[in-house]
Structures are given as C-alpha cells and as structure tokens.
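One structure below.
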Amino acid sequence: MTDAFPPPPSGPDIPVTEAELHAYADRQLTAERSAEVAAWLARRPDEAARVRAWEYQKRELRGLFDPVLDEAVPATLRRRARGGAGWRRAGLAAAAGLVLALAAGGTGWALRGAQDAAPLAAAQAAANDFAARAAIAHTVYTPEIKRPVEVDGAHEDQLVTWLSKRMGAPMKAPHLQSLGYELEGGRLLPGDRGPVAQFMYRDAAFHRLTLYVSNEKPSPATHGLANADLRAGDAPRVDTAFRFVSEGPVNVFWWMDGPFRYAITAAADRAALTQVSAEVYRQLEPQRP
C-alpha cells in the first residue's frame, strides 16, 4: 500500500514542490497539506490548470483501461492452464509469439528468427512509446476550451520563433487550410529526452488535430526501425517508415525523418490521417538536410 506523501517540515509558507503537485493530483497528500496546496493553487491559476490537466489525463487513462480488469479470461487460456506440462510449454511459446506479433502494432512485421526477435521487440516498444506520448498529449490538451495552446495561431511567427529557440532547431507550422484545418496555436511539452513541440489545428466543426514534433536523440533501440518495412497505405516513401497506430479513442500517424519524429493525432480514420500526414511531410520536406 502506498503511504501518504510526507508533509513538509512546517506550514503553508513552505514552497509547494513539483513532487507535491503530483502527489496532490494523485490524492497522496495528508488532509492538512492537501488543503494548503489547494489554497496555494487557488492563487496560481496557471499551476492549477496544470494539475487539472494531469487529473484529466488520469481519468481518461482509467476510462480506457479499467474495463479490461473486468474481462473474463478467454476459455482457450483456461483450458490450456488445466493441461499438462507439454500444453503449458506450448502455451508459453504461443504467448511469447503473440506478444511479439502484437508489438508489431498490426503493421506487418514478421518474426525474423530468434536472433532478431529481441532487437525488433525493443525497437517497437520505443516506437510505441512515442506514439503513445503523442496520443496522451492530444487527449490532455484538445478538450481545453480557454487555454488549449500557449501561443495562439494569430501569432504564428512568435510561436514558431519561440519553439525553434526552445527546440534548438528550426520549427515550422504547416498550413492545412486546403484540408479544412486552421492553425489554432501551439505549446511546448516535456518529452522523453528533451522538449517537444505540439501544434494544434481545428476544423469548422471544432474537431481538433495535433502535430507532435520531437528532435530528441532517439534511443538505440529506435534505430532498428530505420530498415524495417513498415510503410502504410499510400503514404509518401521515405528512408524511415510511416506508421499508423490506434491509441484508445484516437489514431496516430507518425514517422521519423533524420533527427525528427512527427506524429499526427486525431479522432479521424486512417485515410484522413494519411492525407494530412502527406501534406505535412510535403511542406516540411525543404527543411530536411
């Protein structure tokens, strides 16, 4: 059982730390300290908005995955569990193969022998993490009404200059009016190994779409994707692959290009995301070395 987050050495004048904000969102503070943090947040609307975003994210993730806890164990697995040692060995072998197949995300990866299975699985895990982070960022910020972005689309030049400086590389906000999407603005987010830029768009029906851009140094495992044949649909062909994955209520179309990784996320189907991704790729192509 997780203990309550320990209280600070004295009262409300002690600064509220980042760890305490997370503990507050997770309901792990003592009742007394929780009240003090609530009062502190009441005087700081920006910090309060961050905490609400974390809480919203937790609710969304629980909504996605909690129902799985109540699912019955499949009958085939129950039968194999009752079988002898030979069945158990066969079941374990089948489960191991299934894990590797599922890790491919439905993109046509084939097992290439025992010597290749571990590197491919590691590379896929790293890739799926990027897509999942893009989906979570989309899910957290697109429902916001008042402050979905840090810099709005009316100040595109300022947005691009600011993000370029913070990312340490030239950024560009693709124009998607031809596809029915207007730039709403953007924000800077923490990534796995550095900052990440998020550009947000919306159509006439207020459906939102986000472009998630990272130039973080990829993990060694991710390099294994560079030579994998993962191209999807009629997306443009590049040295590294275009990938389509479903992340709960949204879909993600993502690709790597040199030091950059890009993810288009929306509650839209594969055909629509392929079209948007092709247009984004076309507009960003002159930037590539």
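The values are calculated or read from the model by the stated rules, or taken from the named source; none is laboratory data. A quick note: this is a predicted structure, and the numbers were derived from the prediction, not measured. We place every Cβ from the backbone using ideal geometry, glycine too, and count neighbours over all the protein chains shown.
For this structure, a couple of remarks:
- Scanning region 202-223 for residues that are modelled with pLDDT under 85 and either buried (at least 18 other Cβ atoms within 10 Å of the Cβ) or hydrophobic (A, V, I, L, M, F, W, C) (or both) yields Pro218, Ala221, Thr222.
- Residue within region 237-248 that is at pLDDT 95 or above, part of a strand (DSSP E or B) and among the acidic types (Asp, Glu) present: no
- Consider region 165-221 and keep the residues that are of a type in the set (S, T, N, Q) and touching a strand residue (DSSP E or B) at 6+ places or on another chain (Cβ under 8 Å). The one that is farthest from Tyr141 (Cα to Cα) is Asn215.
- Single residue of Gly180, Gly91 found to be modelled with pLDDT under 85 and outside the structural domain of Arg50 (by TED's automatic domain parsing): Gly91
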